[in-house]
Amino acid sequence: MTNLSEWLEERAGINQIYNVLLLRKIPRGAGWLYTLGFATLFVFILQAVTGTILALFYVPSPDHAYESVRFIQYVLPFGSFIRGIHRWGSSAMVVLVGLHLVTVFVLGAYKHPREATWVAGVILLLLVVGSGFTGYLLPWDQKAYWATTVGTSMAGTVPVIGDAILKIIRGGSTVGALTLTRFYGSHMLILPALFLLTIGVHLYLVVYLGVSVPPWLWESKKEKLPDDETERYTLFKKQGHPFWPDIIVEDAIVSLIIFLILVALAVFVGASLEARADPVASDYVPRPEWYFLFLFQLLKLFPGSLEWVGVIVIPSIIILAILFLPFYSREKSRRPERRPAAMAVGALFIIGVVGLTYTGWASTPATAATERGIVLNATQVVGRSLYQGNCAVCHGENGEGTSDGPSLTDVGSLRNPAFIHGYIENSLAMNPDAEMPAFIPPPGKGQQILTHQQVEAITQYLMTFRAEGGD
Ligand code: HEC
């Protein structure tokens, strides 16, 4: 071991890297609030790893995208788990970067000399949101297709140049094959490259400048502290602990907790996969990803012709205001209680975003739809769309029955899942007089129409068909 490190030291000077990156002292006072940056980096690495695995199986073309994601979800060992981690990881990124920014804002850590660190951090938030938006389309299911159609159409509301912007984003007038490759390229190459670059700058600055000392210690009146900021920082650093092996323990604990939460979400909630995108089904009401809901809701406050003010102008002003915050905020003190104006504006902003998100949430139907008062899970939603495509002709859109097939409105309480599954698969095996076509006929007895998994999804959907009061 010592030989190897000596060998590397002689050729690459690794001791210096080790000292600067790992042994560097973190100033006294840095506590749990300082673990969010590291946690964000951790989830980013998780996204890179799970994203790479998904990319090995994903096909970015409208003909195969949905089937490749279905393969990942239902056939690939651990596929649904990895997809679940990646899906929830993207939400975690938004939450962590958001919380990190709020903490830095409240602690006044964006002030001199850390202005550039702040700017890089805000750009990272935009890149995270951009990655979420482009990634949403890739499964090419109904939700992906329609959320992207609505999302991109917002750009089209800009006067004069709206149409041109829309065509550039979509690669055509509607969401199609070019949109998918464009989003795939952005999601896989452009955004991650920009992300790595920005995170490199951000981390370089964090290591170069050191993290800020909490304002209550930095401006403490109880201690005698040097007036010169550099001397004062050196003092705090001397009283602090090294990143390795001390501070990293807190970072690792927080990251581990986040990882366990993501595992639980991936296993117990998972990532939904609805029916294949159907560009004709324009009655589908998509619900955008939760972190776009406030924008969705803001839009409704503007009448049609002014929509672009809500979609483009206001968000742009807000983004610029946040981006350049360190350059126009003038308070000398970093203590939150001495920056009442900044705190008030910040609080109003957060209340506004949370309020709009909540009203947006409450007013758009969940895509994991409820039907007859029952919340359908992801499989049942798939089952519903398969039912509409294969069974509704005879059994009616809501299972009410037609002249070609009996009512199924109470089938969930009259029959068990094994019966329903078997009947769909090969009705003749259960009923010699069956008129219903077999969807998975025995070999040589006709063409297979559904897969076993599809039959199971329909079965789970039909199990929710229970007449009122029965069980
Ligand atoms: C061509 C018309 C037709 C289509 C399409 C059809 N069915 Fe049927 N289904 C029937 C008829 C008719 C019956 C009554 C029994 C029989 O003749 O097989 C029936 C019976 C059933 C039953 C048994 C009900 C019971 O309690 O005995 C189930 C369950 C069922 N269908 C589900 C489905 C599902 C799910 C699909 C789509 C995958 C589907 N059916 C597609 C005509 C159809």
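The values are calculated or read from the model by the stated rules, or taken from the named source; none is laboratory data. What you are looking at is a predicted structure, and each value in this text was computed from that prediction instead of being measured. We place every Cβ from the backbone using ideal geometry, glycine too, and count neighbours over all the protein chains shown. Only protein heavy atoms, including side chains, enter the accessible area calculation; ligands, DNA and RNA are left aside. Shrake-Rupley method; radii C 1.70, N 1.55, O 1.52, S 1.80 Å.
The overall shape of segment 210-329 is oblate: from the C-alpha gyration tensor, with semi-axes ordered a ≥ b ≥ c, the ratio a/c is 1.5 or greater and a/b is no larger than b/c. Compared with the dominant principal axis of the Cα atoms in the chain, helix 378-390 is inclined by about 40°. The calculated FRET efficiency for the pair residue 402 and residue 63, based on their C-beta separation and a Förster distance of 30 Å, comes to about 0.35. For the peptides 320-326, 3-9, 64-70, residues were scored by their other Cβ atoms within 10 Å and the scores averaged per peptide; the highest-first order is 64-70, 320-326, 3-9. Taken about its Cα centre, the chain carries a charge dipole of about 1820 debye when Lys and Arg each add +1 at the Cβ and Asp and Glu each add -1 at the Cβ. Averaged per residue, the chain has 54 square angstrom of accessible surface, using a 1.4 angstrom probe with ligands and nucleic acids left out. Dipole of segment 370-462 computed with +1 at Lys/Arg Cβ and -1 at Asp/Glu Cβ about the Cα centre; of 380, 392, 402, farthest Cα towards the positive end is 380. When 327, 57, 78, 465 are compared by accessible area of protein heavy atoms, the largest-first order is 78, 327, 57, 465, using a 1.4 Å probe. Amide H of residue 26 versus every other amide H placed in the peptide plane: which residues, excluding those fewer than 5 positions away on the same chain, fall under 5 Å? It is 241, 243, by chain and number. Placing R0 at 22 angstrom, the Cβ-Cβ distance between residue 306 and residue 167 gives a FRET efficiency of 0.45 after rounding to 0.05. Straight-line cross-link reach from residue 221 at under 17 Å between alpha-carbon atoms covers these lysines, not counting any fewer than eight positions away in the same chain: 332. Normalised by the number of residues in segment 370-462, the mean separation of alpha-carbon contacts (under 8 Å, six or more apart) gives a relative contact order of 30 percent.
Note on exposure: 459, 357, 451 ranked by accessible area (1.4 Å probe, complete protein assembly) read 451, 357, 459, with the most exposed listed first. Once both labels are positioned 7 Å from their Cα atoms along Cα-to-Cβ, the gap between residue 160 and residue 178 label points is 2.4 nm.
Per residue of the chain, the DSSP helices (runs of n ≥ 4 H) give a summed -39500 (n - 2.57) that works out to -18000 deg cm²/dmol at 222 nm. Relative to the first principal axis of the alpha-carbon coordinates of the chain, what is the inclination of helix 115-137, with its axis defined by its Cα atoms, in degrees from 0 to 90 and to the nearest 10? Roughly 10 degrees, rounded to the nearest 10.
Counting protein heavy atoms only, the chain has 68 percent of its accessible area on carbon and sulfur, 1.4 angstrom probe. Residues 143, 25, ordered by accessible area of protein heavy atoms at a 1.4 angstrom probe radius and largest first, appear as 25, 143. Between the helical axis of 452-462 and the longest alpha-carbon principal axis of the chain there is an angle of about 90 degrees. Computed from the C-beta positions of residue 45 and residue 388, the FRET efficiency with R₀ = 45 Å rounds to 0.65.
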